[in-house]
Amino acid sequence: GGSGATQSDLQKARMRMSLQEHLLHFYQNNVNIPTEEQAVARRAALDICAELRVFLHAKLPDMPLREMYLSGSLYDELQVVTADHAQLMVPLILEKNLWSSIPGEDTIMNVPGFWLIRRENLEYFPRNSSYWDRCMVGGYLSPKSVLEVFDKLVAGSINWPAIGSVLDYIIRPVVPSETLTLEVQYDTERRLYVDFLPLLVMEDGTSLIAKPHRLVAERHENLWRQSFRVAETARLRALDQEDGGCRCACLKLAKAMCKLNPALNRLNASQLTNCILLLCEKEGDWTQDALADRFLQLLRALVGHLEAGRLPCALSPKVNLFCELTEQEVDELGYTLYCALSDPAGLLRT
Ligand code: GDP
């Protein structure tokens with residue numbers, strides 16, 4: 001005795017969990033999704049995907065598509081909190097001699113990470129030589145117009161109530177939706193949102209998705225978004241596999257933090273993944289015991305990038321992953337995270 005500590009001080013000290021314990025507890029109780037819940041959500045997404053394949057083959061046998069497939073965090077063990085969304089990838093086939101790609105930095109918009117797809121050889125192969133000419137706007141393949149084609153089909157001509165009753169789901173297109181989204185209610189309590197994501201895969205493997213630039217300006221409408229998701233997720237996983245590290249756990253904690261705090265909703269999986277990948281270049285210790293230290297470091301790194309207004313993509317540094325945030329959003333995110341540095345557990349309450 002003699003230290004002057006009262007009974008209640010000692011109690012408080014005991015109750016105050018270390019950040020490490022707090023993170024592990026939060027991970028178990030809030031971040032991690034039960035295997036069963038994930039399986040049921042995947043089943044529902046697969047059923048819808050199968051129906052859409054049958055429908056498109058029957059109704060539009062000429063549409064040049066590769067097989068649609070499901071993707072996203074639900075399939076990479078990276079979804080958090082609830083199993084509630086997936087992407088249905090719809091790869092378009094473009095004729096090599098009729099279309100060419102122009103990187104965004106070589107256009108008047110000067111936006112690395114976005115691309116234009118230009119129609120070539122119109123004099124020899126006039127309009128309608130390519131199926132996708134119907135989506136050409138001002139000489140370029142318009143992602144917006146491609147989405148509209150699918151929107152008409154998926155929201156307009158598929159009898160979802162009938163398909164839903166066969167599958168025992170309630171299915172409805174979400175309107176209005178920036179991307180084309182289906183809501184699938186597969187249980188009284190559970191909903192799954194399936195985004196339709198048309199995609200172009202170029203000869204060198206570059207993937208472009210029809211997801212519009214967020215700061216919509218007329219001149220940005222024809223831009224296709226380069227997707228780094230497959231490569232960045234693979235790199236994170238590979239690093240963890242090499243050393244039994246906690247990078248994916250750290251990512252999932254950060255994703256849950258952003259999902260559960262409205263002030264952080266604007267931060268997405270790609271930004272968080274890349275921030276961790278950049279941290280990996282400087283920091284080697286990702287052992288499970290270092291989770292709390294790395295998590296704090298991630299928060300600090302995010303604050304730093306927000307202050308700079310720039311988060312380079314780890315796979316393509318000229319791409320600024322904050323380029324679609326407004327100045328005000330950058331300030332608000334930075335402020336929220338800065339305040340969290342002194343009490344990170346505060347963002348991990350539910
Ligand atoms: P989560 O939605 O936060 O769990 O993160 P995901 O890792 O599943 O990423 C999904 C988001 O990334 C969606 O907004 C997609 O539009 C976007 N995205 C970009 N490229 C891809 C891709 O190649 N596949 C998928 N599934 N989503 C992509």
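To keep it simple, each residue is scored yes or no on (1) open to solvent by less than 70 Å² (accessible area, probe 1.4 Å); (2) modelled with pLDDT under 95; (3) touching a Phe, Trp or Tyr at 6+ places or on another chain (Cβ under 7 Å).
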{"position": "ALA86", "(1), (2), (3)": "yes, no, no"}
{"position": "ILE93", "(1), (2), (3)": "yes, no, no"}
{"position": "TRP99", "(1), (2), (3)": "yes, no, no"}
{"position": "ASP106", "(1), (2), (3)": "no, no, no"}
{"position": "PRO112", "(1), (2), (3)": "yes, no, no"}
{"position": "GLU123", "(1), (2), (3)": "no, no, no"}
{"position": "LEU141", "(1), (2), (3)": "yes, no, yes"}
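Can you tell me which residue in the stretch 33-43 is nearest to ASP195 (Cα to Cα), limited to those that are away from the ligand (no atom under 16 Å from the Cβ) and assigned to a helix (DSSP H, G or I)? Across the stretch 33-43, the extreme among qualifying residues is ARG43.
Residues are listed down the side, and each one gets a yes or a no for (1) β-branched (Val, Ile, Thr); (2) in contact with a strand residue (DSSP E or B) (Cβ under 7 Å, 6 or more places away or on another chain):
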{"position": "THR181", "(1), (2)": "yes, yes"}
{"position": "VAL184", "(1), (2)": "yes, yes"}
{"position": "LEU200", "(1), (2)": "no, yes"}
{"position": "HIS213", "(1), (2)": "no, yes"}
{"position": "GLN226", "(1), (2)": "no, yes"}
{"position": "ALA256", "(1), (2)": "no, no"}
{"position": "LEU267", "(1), (2)": "no, no"}
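Of the residues GLU148, GLU203, GLU183, GLU123, the single one that is part of a loop (DSSP other than H, G, I, E, B) and free of Cβ contacts under 8 Å to residues at least 60 places away in the same chain is GLU123.
Where residues in the stretch 50-75 are in a helix (DSSP H, G or I) and either free of Cβ contacts under 8 Å to residues at least 60 places away in the same chain or among the hydroxyl-bearing types (Ser, Thr, Tyr) (or both), which of them is nearest to TYR169 (Cα to Cα)?
Filtering the stretch 50-75 for residues in a helix (DSSP H, G or I) gives 50-59, 73-75.
Subset that is either free of Cβ contacts under 8 Å to residues at least 60 places away in the same chain or among the hydroxyl-bearing types (Ser, Thr, Tyr) (or both): 50, 53-54, 57-58, 73-75.
Numbers: ALA50: 14, ARG53: 18, VAL54: 18, HIS57: 22, ALA58: 22, SER73: 22, LEU74: 19, TYR75: 21 Å.
My answer is ALA50.
Among the residues of the stretch 220-229, the one identified as near the ligand (Cβ under 9 Å from one of its atoms) and assigned to a helix (DSSP H, G or I) is ARG229.
Of all residues in the stretch 151-173, those satisfying the criterion of being open to solvent by less than 60 Å² (accessible area, probe 1.4 Å) and part of a strand (DSSP E or B) are ILE171, PRO173.
Need a quick list: helices (runs of 4 or more DSSP H) entirely within the stretch 230-323 having at least 1 residues that are surrounded by 17 or more Cβ atoms within 10 Å (Cβ to Cβ) and within 12 Å of the ligand (Cβ to nearest atom). Even if it seems obvious, please write down each step before you answer.
Values: elements: 247-260, 269-282, 291-308.
Output list reads 247-260, 269-282.
The values are calculated or read from the model by the stated rules, or taken from the named source; none is laboratory data. This structure is a prediction, so every number in the text was calculated from the model and none was measured. No Cβ is skipped: glycine too gets one built from the backbone with ideal geometry, and neighbour counts run over all protein chains shown. Each accessible area value is taken on the protein alone, full model and side chains, heavy atoms only, with ligands, DNA and RNA left out. Shrake-Rupley method; radii C 1.70, N 1.55, O 1.52, S 1.80 Å.
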